[in-house]
Amino acid sequence: MKLNLRNPLCIFDLETTGTNITQDRIIEIAVIKLMPNGETIRKANVLNPTIPILPESTAIHGISPDDVKDKPTFKEVAKDYIRFFEGADLAGFNVLKFDIPMLVEEFLRAGVDFDYGRKKIVDAQKIFHLMEKRTLAAAYRFYLNKDFENSHTAEADTQATMEVLLAQVAKYEGQDVVDSLDKKIGRIQNDVETLSKLTSSGMVDLACRMVLNSKGEEVFNFGKHKNKLVTAVFKEEPSYYDWMMNGDFPLDTKRKLTEIKLRSFKK
């Protein structure tokens, strides 16, 4: 199928040192430029991010510090990509929440203005979520092949959820589960402990303000200390604990925060 285009469409993806827009850097960029006449132009670069690449990031995308040490920095290729993107609209998967903000941040760091506001943006992930609904009624229809009646009453919703869960286990038992980056994270089993690890592992507090890193250590999952060890932040900036305890955070988050603080004192 050919897209009807008035302008070129640049479909792009980034690999990065991490997921923090302000602190992490691009280490790979790939763009496919679809032209209105049907021509396809490709452009890609592996880049030196000038900051460390964490082992957990390398485990996901396979790019190590040795792979980038002799590569150009983003600043060195920024003007080439500005020219490549010129006059084109943008597309990608999850580009609105991650790729475009990360790309704009890198351009600004390089002293180059990337005026995305004048471009049309297509996010394939958003189309996926719009068309493949993620509601209980949609799940009921998908797994049980029948319409969900009397939705939004607690009793009916509970019954439907039970039926969906049983159907999910029956459908997927024995199948591997991969994350959005195609990394295997487990396997569906008819076992509550296994299902729990797949759906809620890594969570420290219910609001996920803190999560477990790959070593099983509590790290912050938001703000200026994102991905930093909670205990390390307590040492570097003791007032951060008081700020959170006095802030608009759930009581569960504050309770977990206090547990970590007390545990660190005992050590």
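The values are calculated or read from the model by the stated rules, or taken from the named source; none is laboratory data. If you're wondering where the values come from, they're calculated on a predicted model, not measured in any experiment. Backbone-built Cβ (ideal geometry, glycine too); neighbour counts: all protein chains shown.
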Count - residues of the range 211-267 that are surrounded by fewer than 13 Cβ atoms within 10 Å (Cβ to Cβ), modelled with pLDDT of 95 or more and aliphatic (A, V, I, L, M): 0
Evaluation of Thr253 against (1) touching a residue at least 24 places away in the same chain (Cβ under 8 Å); (2) under 23 Å from Leu54 (Cβ atoms); (3) in contact with a strand residue (DSSP E or B) (Cβ under 8 Å, 6 or more places away or on another chain); (4) not in a loop (DSSP other than H, G, I, E, B) (one fails), failing number: (2)
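Pick from Asp182, Asp147, Asp205, Asp248: which is assigned to a loop (DSSP other than H, G, I, E, B), under 30 Å from Phe265 (Cβ atoms) and not assigned by TED's automatic domain parsing to the domain that holds Leu262? Break it down stepwise before answering.
Working: Asp182 fails: under 30 Å from Phe265 (Cβ atoms); Asp147 fails: under 30 Å from Phe265 (Cβ atoms); Asp248 fails: not assigned by TED's automatic domain parsing to the domain that holds Leu262.
The match here is Asp205.
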Number of the exception - Thr199 against (1) exposed (fewer than 13 other Cβ atoms within 10 Å of the Cβ); (2) more than 30 Å from Leu229 (Cα to Cα); (3) not small (Gly, Ala, Ser): (2)
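Being of a type outside the set (Ser, Thr, Tyr), in contact (Cβ under 8 Å) with a residue 24 or more places away in the chain, touching a strand residue (DSSP E or B) at 6+ places or on another chain (Cβ under 9 Å) and part of a helix (DSSP H, G or I) is the filter here, so list the residues in the range 223-234 that pass it. Give the steps one after another, and end with the answer.
Quick first cut of the range 223-234, residues of a type outside the set (Ser, Thr, Tyr) only: 223-230, 232-234.
Then drop every residue that is not in contact (Cβ under 8 Å) with a residue 24 or more places away in the chain, which leaves 226-227, 230, 234.
Remaining after also requiring touching a strand residue (DSSP E or B) at 6+ places or on another chain (Cβ under 9 Å): 226-227, 230.
The answer is Val230, and nothing else.
So which residues in the range 42-75 are aliphatic (A, V, I, L, M) and surrounded by 13 or more Cβ atoms within 10 Å (Cβ to Cβ)? Explain how you work it out, then say what you get.
We begin by selecting, within the range 42-75, every residue aliphatic (A, V, I, L, M); these are 44, 46-47, 51, 53-54, 59-60, 63, 68.
Scanning the range 42-75 gives Val46, Leu47, Ile53, Leu54, Ile60, Ile63, Val68.
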